[in-house]
Amino acid sequence: MVAGETARASCDVFDEWGNPIEAAAVEVVTDTTGAGITIADRDLTLERAGEYEVSCQVAGAQETTSATLEVTPGLPAGLAVARAPELPVYGIGQVVAVDTIVTDAYDNVIEDAPVMFSSAPSGRAFGQGRFRYLDEGLYTVTAIVTPPTHNNVALSGSVDFLINGTGPEIECLSPVNAT
């Protein structure tokens, strides 16, 4: 199921001879508890992505079996971008990259979200989210996730790279030259 959706557990209860017990008091439980996990009667609403062992508990039962429920992230709802490496200035010809983290509405990371990158002014693309600039200047790389997204809103984020071919000037004032 997708994070935030609700699944209904079905529970079959039998006596020791294998006869069904229709009116047994059943409690649905998961192997994980906490925030983002809501169980109401036999309905499970799970906001955190992952695998859960779901079982039906009956007082006095000698044997209980469980089922695995996989919760996957929902549609992209958030985008974080960062420079890699994080430096104040980059050299001419240095490969710079933009790291992205795409999350759903419940902050589950979406590993394979389709992120597109563009650079202004343009640079030489050097793989997905990686660029090389051969001229000095300020470059802006924008990462975009297009719908389908949560609420069908395109997600975008930008980072700037300052490219400089010369290092900072250093002037020694003391001791004076040749002393």
task = Considering only residues that are open to solvent by less than 20 Å² (accessible area, probe 1.4 Å) and assigned to a strand (DSSP E or B), look in region 97-120 and name the one that is farthest from L79 (Cα to Cα).
result = A97
message = Given the options R48, R83, name the one that is more than 23 Å from I144 (Cα to Cα) and surrounded by 15 or more Cβ atoms within 10 Å (Cβ to Cβ).
response = R48
inquiry  = If a residue must be of a type in the set (D, E, K, R) and free of Cβ contacts under 8 Å to residues at least 40 places away in the same chain, how many such residues does region 77-93 contain?
reply    = 1
task = Please name all residue pairs, on different chains or six or more residues apart, with Cβ atoms under 8 Å, provided the first residue is in region 45-73 and is within 14 Å of R8 (Cα to Cα) and in contact (Cβ under 8 Å) with a residue 40 or more places away in the chain and the second residue is among the hydroxyl-bearing types (S, T, Y) and not in a strand (DSSP E or B).
result = C56/T64
Hey, D41 at pLDDT below 90, open to solvent by 50 Å² or more (accessible area, probe 1.4 Å) and out of contact with any His (no Cβ under 9 Å at 6 or more places or on another chain) or not = yes
note = Among residues of region 121-174 being open to solvent by less than 20 Å² (accessible area, probe 1.4 Å) and in a loop (DSSP other than H, G, I, E, B), the residue farthest from G93 (Cα to Cα) is T149
remark   = How many residues of region 67-78 are surrounded by 20 or more Cβ atoms within 10 Å (Cβ to Cβ) and either in a strand (DSSP E or B) or in contact with a Leu (Cβ under 7 Å, 6 or more places away or on another chain) (or both)? The answer is 2
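The values are calculated or read from the model by the stated rules, or taken from the named source; none is laboratory data. Note that the coordinates shown come from a computational prediction; the quantities given were computed from them, not determined experimentally. Note that we place each Cβ from the backbone using ideal geometry, even for glycine, and neighbour counts take in every protein chain shown. Only protein heavy atoms, including side chains, enter the accessible area calculation; ligands, DNA and RNA are left aside. Shrake-Rupley method; radii C 1.70, N 1.55, O 1.52, S 1.80 Å.
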